[in-house]
Every structure is written in structure tokens, then in C-alpha cells.
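Notes follow once the structure below has been shown.
The values are calculated or read from the model by the stated rules, or taken from the named source; none is laboratory data. As the structure is a prediction and not an experimental result, all values here were calculated from the model. Because the Cβ atoms are built from the backbone with ideal geometry, glycine has one as well, and the counts that use them run over all protein chains shown. Note: areas computed on protein heavy atoms with side chains; ligands, DNA, RNA excluded. Shrake-Rupley method; radii C 1.70, N 1.55, O 1.52, S 1.80 Å.
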Amino acid sequence: MTTKRLPMHDHDYKTYPNIAHLFCMIGNREETLPWVYNNFIQLVYFGSLRKIDYTNKQDSFFDPLLFDCPWLQFQFMHRDTVAQKWNGSIVQFAIDAIDMGQYVYFLADQSHIRESDAYGRHAHNHDMFIYGYDKAAGTLHIADNMRRGRYVETSCSFAEMEAAYAAADPDSDWFDRRVMSVSFKPKTYFQYERNTAFDSLSVVDAMDRYVRGWKPHSYLCLENTYGIKVYDRIQEYLQGIEQERDVADIRLLHILWEHKKLMHRRLRFMLEHDFLRDASLESAYSEVERGHGIAVGLLLKYSVSGDKRSVAKVSSLLSDGARLEKELLNKAIAGTHHRPMYDKGGALSGENSVVLQGHTDRKPGRIVDVQAGIQH
């Protein structure tokens, strides 16, 4: 085979490469949506990194959802094995993997990739994703955040990739000197039993933790901020911009905007499948999403013009958006009709939907509280 290109699905979640790669692989397939909407609810702000990302497990410092996706099959190969079995050629390894329907994911130094802003300027170790090759042209199809931080799908020469792979700094290799091959796997009964059906109990519990800003009880999490409380850290950051102590980093607002897109689509999904029945929640939440989109545009405007009035508008939009979001999600928590669900949306035979009791005064902090509400 002289050329092969694996599917790359377009999507809206491209702030960081781990999530961007995930959605490029699973796309908007109907069977994957329940898992998507079970997750991507809780947020974490890493104080030392000044970064916002998704987290999932209640007791986790950080939970890379990419590796939890039941629709993806991962295989890990140490760089030493690539050196021994493929003569150190990441290109040949990638070609063999792609021929078997596997994407390739590893750390590379973008300063060797012509399409990257870092090319020939400075070392920049980052996630590299390969999804195809063309032997006749001597190129690989690749994706990463390479142009002014934007996620792009492009190509590079075999020689560029060999150099980028070899130059990756082993001391900052968060892949632990491993190369990953990833494939999309078809649905199996085992997967369904795990977590591929929509779980309203788990979703409501995660929403509750989000609106309360629930924080894991761990020393690893002491400096972090969780849930809706990340907006407190963002307001501090915006003050730093106004006082010229900080510079604009659009990623902090962009991932919040992505989060609102996902939450909006989750509420729509819950309405479509009769977990929610108050259609006004979705239409009202669309205003939260819209406000965050405007905020992203205003921060971009500030980064060009330096007009601090744009920063003040961003602060106001996010403050109002967080208040409205908390109100709407509390209503969603209280109004969810719980029942088991198949991946196609049907309730299990003999199961009726249930509205939890007593939610107006107290929201469930744990799954056991939710279950107790149903039993009540």
C-alpha cells in the first residue's frame, strides 16, 4: 500500500490536543454520544500551570479522559522497542500501525516540523498525532496545536518527523518514553456493561459536584480549584491582565466555551431522551454558551488592540454566565427523571423514570444520596 489515511472527524473541542485527538477519532457517532455526555462535566484549574482541563473521577488529581474512553483501544510501545524492532524509525512504525487501522500518538519536538510556528526557532515538545501517510510523496498526515496554538491537520515529510521524534526531550516526556497506537473498536456487550450507556445518576452527581465546586480530598489537589469555582481563578487572572501582570491566554476562555457547548448539547440530549422535560433549560443555557463565545472574541480583540475595556466586558460576561449556569444546572439536577437507558435511548423493560425527591433544599453529594432519593 502506498497511501492510507484514517478517518478524522471534525468537531468543536480543540483547545488541547488530548481532547482534540479523542474527538477526531470517535467523532459524532451516535453510539459514542452517551459516553461523551456521561463525562466532560467537572473542570479543574491547575494552580501551578494556570490551566483548565476536564477531570472525571471523584478521587482523582487529574483524569485523562482520553484513556478512559471505552471506544478506543490503546497499545503502548516503549521507544527502546521502536529502536530495536523498527531500527528507530518512527515513520516505519507509523506506517505499519496505520496499515492496521491504528492512529499513532507520541511526544515530538515541533521545532523540526515545517508547519509549526516553532520550526527552526526553539524546542517545543508537544503531542504529535499521525493519521495517515503517502509513500510516493514521502509525507505523513499529522495533527497537533501548531499554528498560534490552533489545532490543525496538515502534513510533514518523513525526514521532519524522524528528526522531531529523535529530538523529543526525555526529561519532559509525559508519555514516559512510550509511543501509543490507538484504534476505534466496535461496540461489544462488555463495553455496554461498562459505561457506554447514558447514566443519569452519574451525570447528576457530576453536575452537583461541578456546581458546588467539590474538591477531592487529597494533598495532590490542594492547589487546584474545581467546578464552577474555576471562575474565581479566572476573575483573578483577568484582574492580572488589567493590571498588566499577566498576558492574554485565549486557551483559558476557549476551554470554558467548549465546556458550555458540551453542557448545552448534554441538556439537549437529556431532553430528547426524556431525562429532562423542561425545554426552557436548553434555550436558557444557550445564552450561557453564547456569552462565553462573545467573551472569547473580546479577549482576542484585547490581544490585538490592548483596549482594557474588552477585559472588563469579559469579566462581566463570565460572572453573569456562571451565575446563570449554576441556576440552570441546579434546576436540571432537581428535574432529572432517572432510569436506565440503552445506547439507543430506550428504558429497560419494566423500568419507569423517577424524579428524585427533596432536591430543592439539598443536592446529592454522592451517588448513594441519589440512590437513596430514588428508594424514597
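General observations
- Only residues that are in contact with a Ser or Thr (Cβ under 9 Å, 6 or more places away or on another chain) and touching a residue at least 40 places away in the same chain (Cβ under 8 Å) were counted across the range 225-238, and they come to 6.
- A single entry from 319, 303 fulfils the requirement of being under 26 Å from the mean Cα position of the chain (by Cα), at pLDDT 95 or above and of a type in the set (Ser, Thr, Tyr): 319.
- Those residues of the range 55-89 which are at pLDDT 90 or above, open to solvent by 70 Å² or more (accessible area, probe 1.4 Å) and in a loop (DSSP other than H, G, I, E, B), in sequence order: 87
- Exclusive hit being in contact (Cβ under 8 Å) with a residue 40 or more places away in the chain and closer than 20 Å to residue 66 by Cα, set 152, 182: 182
- Selection count where residues are open to solvent by 10 Å² or more (accessible area, probe 1.4 Å) and in contact with a Phe, Trp or Tyr (Cβ under 7 Å, 6 or more places away or on another chain), scope the range 217-237: 5
- Answer residue from the range 197-221, given it is aliphatic (A, V, I, L, M) and out of contact with any strand residue (DSSP E or B) (no Cβ under 8 Å at 6 or more places or on another chain) and is modelled with the lowest pLDDT among those: 220
- Close pairs (6 angstrom Cβ cut-off, 6 or more residues apart or separate chains): farther than 18 Å from residue 19 by Cα and free of Cβ contacts under 8 Å to residues at least 12 places away in the same chain in the range 258-273, among the acidic types (Asp, Glu) and open to solvent by 20 Å² or more (accessible area, probe 1.4 Å) anywhere: 271/282
- Residue satisfying all of: in the range 264-294; within 15 Å of residue 318 (Cβ to Cβ) and of a type in the set (A, V, I, L, M); least open to solvent (accessible area, probe 1.4 Å) among these: 288
- Test for residue 163: is it modelled with pLDDT of 95 or more, surrounded by 14 or more Cβ atoms within 10 Å (Cβ to Cβ), over 21 Å from the mean Cα position of the chain (by Cα) and more than 29 Å from residue 9 (Cα to Cα): no
- Residue check for residue 116: in a helix (DSSP H, G or I), touching a residue at least 12 places away in the same chain (Cβ under 8 Å) and over 15 Å from the mean Cα position of the chain (by Cα): no
- The residue pairs whose first member lies in the range 309-321 and is in contact (Cβ under 8 Å) with a residue 40 or more places away in the chain and more than 13 Å from residue 232 (Cα to Cα), whose second member is among the polar types (S, T, N, Q) and open to solvent by 40 Å² or more (accessible area, probe 1.4 Å), and whose beta carbons are closer than 9 Å, counting only pairs six or more residues apart or on different chains, are 311/239.
- Comparison of 299, 324 shows that the only residue that is open to solvent by less than 30 Å² (accessible area, probe 1.4 Å), assigned to a helix (DSSP H, G or I) and not hydroxyl-bearing (Ser, Thr, Tyr) is 299.
- Matching entry among 19, 41, 52 (being buried (at least 20 other Cβ atoms within 10 Å of the Cβ), in contact with a strand residue (DSSP E or B) (Cβ under 6 Å, 6 or more places away or on another chain) and under 26 Å from residue 326 (Cα atoms)): 52
- Residue list for the range 238-250, filter: surrounded by 16 or more Cβ atoms within 10 Å (Cβ to Cβ) and either under 22 Å from the mean Cα position of the chain (by Cα) or over 13 Å from residue 314 (Cα atoms) (or both): 248, 250
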